[in-house]
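Comments concern the structure below.
Each reported figure results from applying straightforward, stated rules to the coordinates on display, with no laboratory input. Being a predicted model, the structure only gives us computed values, none of them experimental. Positions of Cβ are generated from backbone atoms using ideal geometry, with glycine treated the same way; all protein chains shown enter the neighbour counts.
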């Protein structure tokens, strides 16, 4: 293959090409068609290699992400296993200590009922204290009612006395008016 490439170098050269660059125009070296084809093939191979590298890089990034997710899942699974193992150890200790699980359940129920009983007793104490306050208020109210009733009776008696006194005064006033009229008549005559 090398000999074919070398032979292709001896082929006639295409016309010279001018390229405008930064520093002015310059002449491109002329290449043979075969050499040009070799360069194109090489460029295509480079493009294919770049595409393959990009594809492999993308796959590698996907694998890195998948690896991170797998590590997180593994960590969660390890934590769940540790929790399960600690619960197994706790239950094993209870079992080895000859703790009857039925008795353990009964003890839990008993403790729960005792806490409820304590709460109910506190509520009962509160209700009793409120009842005592209400009874005290009612007793004070009854005393105030008795006092008001006795004062009402006194006011009624005073009102009756005032009414009888008023009646007496009206009778005296009438008598005085009649005497005044009599005196006036007598003085007129």
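Size check on the stretch 100-150: the Cα extents along the three principal axes, sorted descending, read 74, 9, 5 Å. State whether the stretch 109-180 is rounded, prolate or oblate according to the following rule on the C-alpha gyration tensor (a ≥ b ≥ c being the square roots of its eigenvalues): a/c under 1.5 gives rounded; otherwise a/b larger than b/c gives prolate, and the remaining case gives oblate. Verdict is prolate for the stretch 109-180.
Shown is the FRET efficiency for residue 74 and residue 108, computed with R0 = 45 Å from the Cβ-Cβ distance and rounded to the nearest 0.05: 0.80.
Gain on full extension, evaluated as 0.36 nm per residue between residue 121 and residue 164 minus their Cα-Cα distance, stands at 9.1 nm. Inter-label distance, residue 52 to residue 135: 10.1 nm, where each label sits 7 Å from its Cα along the C-beta direction.
Over all directions, the projected convex hull of the C-alpha atoms in the stretch 34-99 averages 5.4 nm² in area.
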